[in-house]
Amino acid sequence: NSAASTVNQFDITADSLTTASIFNVSADGLTSGSIMTMESTSTSTTAPTNARLGYFNWAPGSATTITGDLFKINIGANGNATNVFTVTDAGSNLFSVSETAITSALPHSFTAAGDVSIAYDLLFTNQTASYLKSTAPLYIPAGETFESNNLTLKSYNSGNIIFDTDTSGKVLVGT
């Protein structure tokens, strides 16, 4: 119904469906293009809250836990993709997930209490200054309590290791 502007153009209701799929698409011969493209050039002022290109809502009528993934993207064994998932703003990458890395151009906030584990190095790439900051006492233990590991502070060339304490602060050795 291309003449209607306030009526849904395509509806599927399958409320009694229990074990099958509602919508399956196969395009095994596709060599270019997309299986599905969704786009809008709407300039509606309500678009950010009401007019979405995609909306996925799972709202069970009572407390329910699923054992699988709510949303899943899979690349088969023979597939390779530059990025599996990308979020852009006016063509600039904000966040992307590839098969080998997660890349983000945004600051991150981790609001849950708990530890953050990183398997290898933290590399601070700002050539002016980089900081480790804490709003509480800061400890840097090296290794496990049953190990004997060194803690090395290293600078290069004529760089110094500076203990910058306040006027009443001290550098102490031991506890």
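The values are calculated or read from the model by the stated rules, or taken from the named source; none is laboratory data. Since this is a predicted model, take the numbers as computed values, not measurements. Glycine gets a Cβ as well: all are built from the backbone with ideal geometry, and neighbour counts include every protein chain shown. Only protein heavy atoms, including side chains, enter the accessible area calculation; ligands, DNA and RNA are left aside. Shrake-Rupley method; radii C 1.70, N 1.55, O 1.52, S 1.80 Å.
For an R0 of 35 angstrom, estimate the FRET efficiency from the Cβ-Cβ distance between Y55 and A119 and round to the nearest 0.05.
For R0 = 35 Å, the calculated efficiency reads 0.45.
Give the long-range amide H neighbours of L94: residues separated by 5 or more places, or on another chain, with amide H under 5 Å away, using H modelled in the peptide plane at 1.01 Å from N.
It is V87, T88, D89, by chain and number.
Rank G33, L122, L153 by how far each Cα sits towards the positive end of the charge dipole of the chain (+1 on Lys, Arg Cβ; -1 on Asp, Glu Cβ) and give me just the farthest.
Of the listed residues, the answer is L153.
Would you mind classifying the range 53-106 by shape? Square roots of the alpha carbon gyration tensor eigenvalues, ordered a ≥ b ≥ c; an a/c under 1.5 is rounded, otherwise it is prolate if a/b is larger than b/c and oblate if not.
It comes out oblate by the Cα gyration axes.
Pop out the carbon and sulfur fraction of the accessible area of the range 118-157 as a percent, whole number, probe 1.4 Å.
52 percent
Which length gain, in nm to one decimal place, applies between A20 and E99 when the Cα-Cα distance is subtracted from 0.36 nm times their residue separation?
Extending this stretch completely gives an extra 25.4 nm.
Given a 1.4 Å probe, how much area per residue of the chain is accessible, in Å²?
With all protein chains present, the chain gives 100 Å² per residue.
Rounded if a/c is under 1.5, else prolate if a/b beats b/c, else oblate: with a ≥ b ≥ c from the C-alpha gyration tensor eigenvalues square-rooted, which is the range 31-153?
prolate
Calculate one ³J(HN,Hα) per residue across the range 15-31 by plugging θ = phi - 60° into the Karplus curve 6.51 cos²θ - 1.76 cosθ + 1.60, and present them in order as whole Hz with x for glycine and proline.
Couplings: 5, 9, 5, 10, 9, 10, 9, 7, 9, 10, 10, 10, 9, 4, x, 5, 10 Hz.
Hey, if you put +1 on the Cβ of every Lys and Arg and -1 on every Asp and Glu Cβ in the chain, which of S92, T111, F163 ends up farthest toward the positive end of that dipole?
Most positive-ward Cα: F163.
Place a +1 charge on the Cβ of each Lys and Arg in the chain and a -1 charge on the Cβ of each Asp and Glu, then give the dipole magnitude about the Cα centre in debye, rounded to the nearest 20.
The calculated dipole for the chain is roughly 280 debye.
Using R₀ = 45 Å, calculate the FRET efficiency as 1/(1 + (r/R₀)^6) where r is the Cβ-Cβ separation of N150 and N74; round to 0.05.
For R0 = 45 Å, the calculated efficiency reads 0.50.
Taking the Cα centre of the range 70-155 as the origin, how large is its charge dipole in debye, to the nearest 20, when only Lys and Arg (+1) and Asp and Glu (-1) carry charge on their Cβ atoms?
160 debye
If the chain between T135 and A63 were fully stretched, how many nm would it gain, using 0.36 nm times the residue separation less the Cα-Cα distance?
Computed gain between T135 and A63 is 22.1 nm.
Can you pull the one-decimal nm distance between simple spin-label points at T165 and S109, each 7 Å off the Cα toward Cβ?
If labels sit at T165 and S109, their model points lie 3.6 nm apart.
Determine the order of L30, L138 by accessible area, beginning with the largest, at a probe radius of 1.4 Å.
L138, L30
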